[in-house]
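**Student:** My questions all concern the structure below.
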Amino acid sequence: MSKEKLKVETNGNEMILTRKFNAPRTVVFEVHTDCKHLTNWFGPREWPLSFCKMDFRVGGSWHYCLKGPDGMESWGVSLYKEIKAPEKIYYDDYFADKDGNINNDMPGTFVKTHFEEVNGATIVKTISAYKSKEDLQKVLDMGMTAGIEETLDRLDEYVEKLSKVK
């Protein structure tokens, strides 16, 4: 398992996340592209993925739900804009309801995720651009960073397990 932790930076309305995973880029990319993988790692431990429907292609979408220990649900929808396997995934990400309707009262973000292989490991860099610094601050105040860090810890554990199987 990678001992490197998540690097978090902010720049204006952007949050930049960088983390290294000790797995090949093709594996790390693949586990972002299919519900059969995402159900094993996406979301914090106490808020695992409870619903996942994905059409992974440019113009496609991912509708998902994280469910908390108290039964509370957090729905989201991502709309894919650009995909180049295994290098990058660009998408708009929104809070949503169970029917996939975007919640316009919550900040949306344009997400650019890049996968770079370095000596058999993969560096994942995600840039999330919000409409304003205030929108970014709103999600930071919700505890988004801690949730992302725990999610990426789970991803690290999952790709390590997959790499041992292959």
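The values are calculated or read from the model by the stated rules, or taken from the named source; none is laboratory data. Note that the coordinates shown come from a computational prediction; the quantities given were computed from them, not determined experimentally. For neighbour counting, all protein chains shown are included, and Cβ atoms are generated from backbone atoms with ideal geometry for every residue, glycine included. We work out accessible area using only protein heavy atoms, side chains counted, and drop any ligands, DNA or RNA first. Shrake-Rupley method; radii C 1.70, N 1.55, O 1.52, S 1.80 Å.
**Student:** If Lys125 passes every condition in (1) over 23 Å from Val58 (Cβ atoms); (2) touching a His at 6+ places or on another chain (Cβ under 6 Å) but one, which one does it miss?
**Tutor:** Among (1) over 23 Å from Val58 (Cβ atoms); (2) touching a His at 6+ places or on another chain (Cβ under 6 Å), Lys125 violates only (1).
**Student:** Taking the residues in region 30-68 that are of a type in the set (A, V, I, L, M) and touching a helix residue (DSSP H, G or I) at 6+ places or on another chain (Cβ under 9 Å) as candidates, determine which candidate is most open to solvent (accessible area, probe 1.4 Å).
**Tutor:** Among residues in region 30-68 that are of a type in the set (A, V, I, L, M) and touching a helix residue (DSSP H, G or I) at 6+ places or on another chain (Cβ under 9 Å), the one most open to solvent (accessible area, probe 1.4 Å) is Met54.
**Student:** So in region 96-117, with the set limited to residues that are among the hydrophobic types (A, V, I, L, M, F, W, C) and modelled with pLDDT of 95 or more, which one is farthest from the chain's Cα centre (by Cα)?
**Tutor:** Ranking the qualifying residues of region 96-117, first place goes to Ile102.
**Student:** Could I ask something else about it? Given the conditions (1) under 16 Å from Thr18 (Cα atoms); (2) crowded, with 16+ Cβ neighbours inside 10 Å; (3) at pLDDT 95 or above; (4) of a type outside the set (Phe, Trp, Tyr), report the number of the one that Lys88 does not fulfil.
**Tutor:** Among (1) under 16 Å from Thr18 (Cα atoms); (2) crowded, with 16+ Cβ neighbours inside 10 Å; (3) at pLDDT 95 or above; (4) of a type outside the set (Phe, Trp, Tyr), the lone unmet condition for Lys88 is (2).
**Student:** If we keep just the residues of region 109-133 that are in a strand (DSSP E or B) and out of contact with any strand residue (DSSP E or B) (no Cβ under 7 Å at 6 or more places or on another chain), which is most open to solvent (accessible area, probe 1.4 Å)?
**Tutor:** Ranking the qualifying residues of region 109-133, first place goes to Glu117.
**Student:** So, one more: Of all strands (runs of 3 or more DSSP E) completely enclosed by region 1-86, which ones contain at least 3 residues that are closer than 24 Å to Ile102 by Cα and small (Gly, Ala, Ser)?
**Tutor:** Hits in region 1-86: 73-84.
**Student:** Please determine whether any residue of region 150-161 is open to solvent by 60 Å² or more (accessible area, probe 1.4 Å) and part of a loop (DSSP other than H, G, I, E, B).
**Tutor:** no
**Student:** Among the residues of region 105-115, which ones are over 17 Å from Asn13 (Cβ atoms) and touching a Ser or Thr at 6+ places or on another chain (Cβ under 7 Å)?
**Tutor:** Thr113, Phe115
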